[in-house]
Amino acid sequence: MAVRPVNPDRPSFVVGVRPVQELLARRPLEIERILVARESAGTVGRLLRIAREAGIPVTHIDRDRLAARAGRRSATQGIVAQVAAAAYAPLAPSVGKAQAKPDGLLVLVDRVTDAGNLGAIVRTAAAAGADAVILSREGTAGLTSHAIKASAGAVERIPVCREPEPARRVETLREEGFLCLALDPQGGVAWTDLPLTGKVLVVAGGEERGARPGIVEKCDNRVAIPLERGMDSLNVAVATGVILFELQRQRRARPTRG
């Protein structure tokens with residue numbers, strides 16, 4: 001199941017205590033982040049606890065900055081929810097689909113902050129037949145209108161999920177038989193030297209720092225794509241495409257049983 005169709009008229013922010021409370025209760029997957037005025041943190045403590053328990057990041061900022069971020073001159077009641085431009089797919093069934101297949105394929109995106117890169121990764125993953133794209137909840141771009149546009153409609157063809165504990169997810173998938181690969185320009189394994197015919201998780205890290213060390217250390221291999229001298233790295237979306245389509249090449253090259 002892919003994400004719900006994009007609603008271009010959906011506001012970027014939900015403002016006020018009661019609206020945020022309703023959103024948390026009914027559609028928590030749509031919330032990217034909770035912004036709260038420092039002066040109001042004590043009065044909305046219950047909502048913040050619910051948000052954190054759901055794995056939603058909470059950011060404390062000054063009241064004036066909060067109003068400016070929400071585009072509101074009037075009072076915000078000290079709390080604003082930043083929402084995605086499209087609803088995320090539920091995590092468990094999306095990952096479960098890949099877990100149930102002998103050749104399940106997942107892409108985990110961590111610390112990619114450019115929405116254009118994220119959209120390109122989603123489109124590439126859909127084109128390569130991945131079962132789902134998993135976005136780290138913290139420090140990773142979400143389904144903004146820019147990301148959706150860059151995906152050229154792919155967000156309606158592949159589940160895109162949020163993951164509050166990406167390192168734990170990698171560890172669990174590895175225990176369940178997934179080959180977990182972290183894309184890394186400094187990695188010790190070439191992209192052509194791995195058999196990629198079983199269950200595979202590809203970890204795509206951020207533009208500047210790559211994936212977080214706690215995630216990379218859970219992977220089986222750090223995979224490098226050899227480059228010409230003077231080039232130190234590829235764009236993360238391009239690198240993801242290279243490994244995903246090498247995987248597809250290997251899988252299609254397998255002899256069919258007859």
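The values are calculated or read from the model by the stated rules, or taken from the named source; none is laboratory data. Note that the structure is predicted; figures quoted are calculated from it, not measured. Here the Cβ positions follow ideal geometry from the backbone for every residue, glycine too, while neighbour counts run over all protein chains shown.
Scanning segment 156-175 for residues that are within 15 Å of residue 84 (Cα to Cα) and either surrounded by 17 or more Cβ atoms within 10 Å (Cβ to Cβ) or in contact with a Cys (Cβ under 7 Å, 6 or more places away or on another chain) (or both) gives 159, 160, 161, 162, 163. Would you confirm whether any residue within segment 56-77 is outside any loop (DSSP other than H, G, I, E, B), touching a Cys at 6+ places or on another chain (Cβ under 9 Å), modelled with pLDDT under 90 and surrounded by fewer than 21 Cβ atoms within 10 Å (Cβ to Cβ)? Looking through segment 56-77, none of the residues is outside any loop (DSSP other than H, G, I, E, B), touching a Cys at 6+ places or on another chain (Cβ under 9 Å), modelled with pLDDT under 90 and surrounded by fewer than 21 Cβ atoms within 10 Å (Cβ to Cβ).
To keep it simple, each residue is scored yes or no on (1) closer than 12 Å to residue 237 by Cβ; (2) free of Cβ contacts under 8 Å to residues at least 40 places away in the same chain; (3) assigned by TED's automatic domain parsing to the domain that holds residue 248; (4) polar (S, T, N, Q).
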{"residue": "102", "(1), (2), (3), (4)": "no, no, yes, no"}
{"residue": "110", "(1), (2), (3), (4)": "no, no, yes, no"}
{"residue": "115", "(1), (2), (3), (4)": "yes, yes, yes, no"}
{"residue": "123", "(1), (2), (3), (4)": "yes, yes, yes, no"}
{"residue": "129", "(1), (2), (3), (4)": "no, no, yes, no"}
{"residue": "149", "(1), (2), (3), (4)": "no, yes, yes, no"}
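The set of residues in segment 215-255 being of a type in the set (S, T, N, Q), under 26 Å from residue 139 (Cβ atoms) and out of contact with any strand residue (DSSP E or B) (no Cβ under 6 Å at 6 or more places or on another chain) consists of 233, 235.
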